[in-house]
Amino acid sequence: MTQPVITVEGLGLRFGDRELLRDLTFEIQRGEFLAVLGPNGAGKTSLLRILLGQLESSSGRVVLDRSRIGYVPQQRVFDRDLPLRGRDLVRFGLDGNRWGVGRLSASDRRRIDDVIASVGAAALADAPLGLLSGGEQQRLRVAQALVSDPSVLLADEPLLSLDLAYQQVIVRLLDERRRSAGTPVVFVTHDVNPILDVVDRVLYLGPDGWAIGSVDDVLNTETLSRLYGIDVDVLRVRGRVVVVGTPDAEHVHHVH
Amino acid sequence: MFTTLLGEHFVHTALLAGAVVAIVSGAIGVFVVMRGLSFAVHAISELGFTGATGALVIGLNPVAGMIGGSLAIGATLGVLSLRGRERDSAIGAVLAFGLGLGVLFLSLYQGYATAATNILFGSIVGVDDAQLGVLAAVAALVLIALAVLYRPLYFAAIDPEVAAARRVPVRMLSVAIFLLVALTTAEAIQVVGVLLVLTLVITPAAAAQRLTVRPGLTLLLSIGIALVSTEGGILLSLAKAWPTSFFISSISFAFYVAARIASYARSRG
């Protein structure tokens, strides 16, 4: 067995007397695509922030090389009058962390253009960032994460406000990256269906515990009923996963 | 009269000092506007007034007191790294108390009232060679720091979450930008005075941002507008004996209004 890229051991997180994560333990291997699912407030984003090193866990430990993390944060729309172009946002991924004013070489410029084209945003590259739609900004954020040649990709609801066609573009790009460069992908989402074909394992954070395994191992009536502590039904409708009966209706794996 | 004045040494010194301060103010202004720190700049500037009057009372150099006051509040705001509404109200509270202190110091100060007036409204023509040297040295320091921090500073200002994930020292940069703003403010006070600092640190950058979305060009335009406003203002005040600060703020405001009209016209296609 090769060295895992991310090791999470006995991770616990509590805010006051509210326990979000308890004894969470798993490993992520090179090239793996892991979906993190669960209702709102179950700790999906907190887990990402712990992986990023921006949040201290209450117990346990995380081992991961944080020097080249590609991060797609949960969508936050930019101010309308921000003096920045789409390509400037993407460029941050390439050299935003280096000191000095810096000049782009011709090959850097090409690399930025290529990655922008790969998310279908070539026409948006020179437009003011603040005037782009949420979905357009989101695609540029994915480009920003990819251009940094990441050793790990962490994405928080990266498909939010994307239409079906662009959801597929983004999923295909992340899938390509982990296959060609072995970059593991940790993909936080409320809806597993757009990534059903590419996901290796699912980490489900429920109100009554967590489970990790293949889609079929985790997303079934028995497991989710245990994680919710109530009867939940998991159905397969035309190849899609539909969860019925969770108290948090919003998190249902929608059939779009 | 105007042409005779143009030959005077003190006028040359004033023009040079104005240029130095305009360049550094225009440059830092871009980051101030991007981070939404206009109100913080105003507070830093007014606390400079408190520092200056405090120094006068105990018989110290008012410029040293001003720099001390600005740096103290700048460092405090940077370390606290407050956000949004909380930052807004905290600055308001500190600013009001600082001004109260300033009023007390002013009433305790028995000396020549011009010293205080100069701090409030600026005294560019009063700058001597030694002061010009200090202005230039501080400006060089700020510009070098901005050049070194440039890329991470931009990244952290626009996208702090992702910048932190890429191991940009976001918190350190927040303290650094406040200290640089404090130094710049102390510079600008000597040209336009406490009450008009925003005319050099905010207005040119705000105008530049209306004209372009290219980061490099925004910086150059901001510096350019600050330069034209300052030098133009000094020259106009030689021709007509109204306060220099009035002319400087009028020119930079004219740029701002023109930039807004231009961007409005462009957005309507």
From the P(r) of segment A:74-149, could you give the percentage of C-alpha pairs in the tail past 18 Å? 34
When only alpha-carbon atoms count, how far does chain B stretch along each of its three principal axes, as whole angstroms with the largest first? 55, 44, 31
Can you give me the pair-distance distribution of segment B:105-158, C-alpha pairs, 10 Å bins, whole percents? 19, 27, 26, 21, 7
Based on the Cβ-Cβ distance from residue B:115 to residue B:214, what FRET efficiency comes out when R0 is 41 Å, to the nearest 0.05? 0.40
Viscosity 1.567 mPa s, temperature 4 °C: give me the Stokes-Einstein translational D for the protein assembly as shown in µm²/s, with Rh taken as the Kirkwood radius over C-alpha pairs. 50
Each residue of segment A:67-72 in turn: what ³J(HN,Hα) in whole Hz from Karplus with 6.51, -1.76, 1.60 and θ = phi - 60°, glycine and Pro shown as x? 6, 9, 8, x, 10, 10
Low-density loop chymotrypsin sites (Phe, Trp or Tyr not before Pro), segment B:28-70, at most 15 other Cβ within 10 Å, DSSP non-H/G/I/E/B, are none
Here the whole-number average of other chain Cβ atoms within 10 Å per Cβ of A:79-89 is 5
Please identify the trypsin sites (Lys or Arg not before Pro) of segment A:18-122 that satisfy two criteria: DSSP loop assignment and at most 10 other Cβ atoms within 10 Å. Which are they? A:76, A:80, A:103
Based on the Kirkwood radius over alpha-carbon pairs, what is the Stokes-Einstein translational diffusion coefficient of chain A at 10 °C with 1.306 mPa s viscosity, in µm²/s? 83
Compute the angle between helix A:164-181 and the longest alpha-carbon principal axis of chain A, please, reported from 0 to 90 degrees and rounded to the nearest 10. 90
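FYI, it's all coordinate maths here, none of it is from the lab. Predicted, not measured: the structure shown is a model, and the values here were computed from it. Counting neighbours? That spans all protein chains shown, and the Cβs are built from the backbone with ideal geometry, glycine included.
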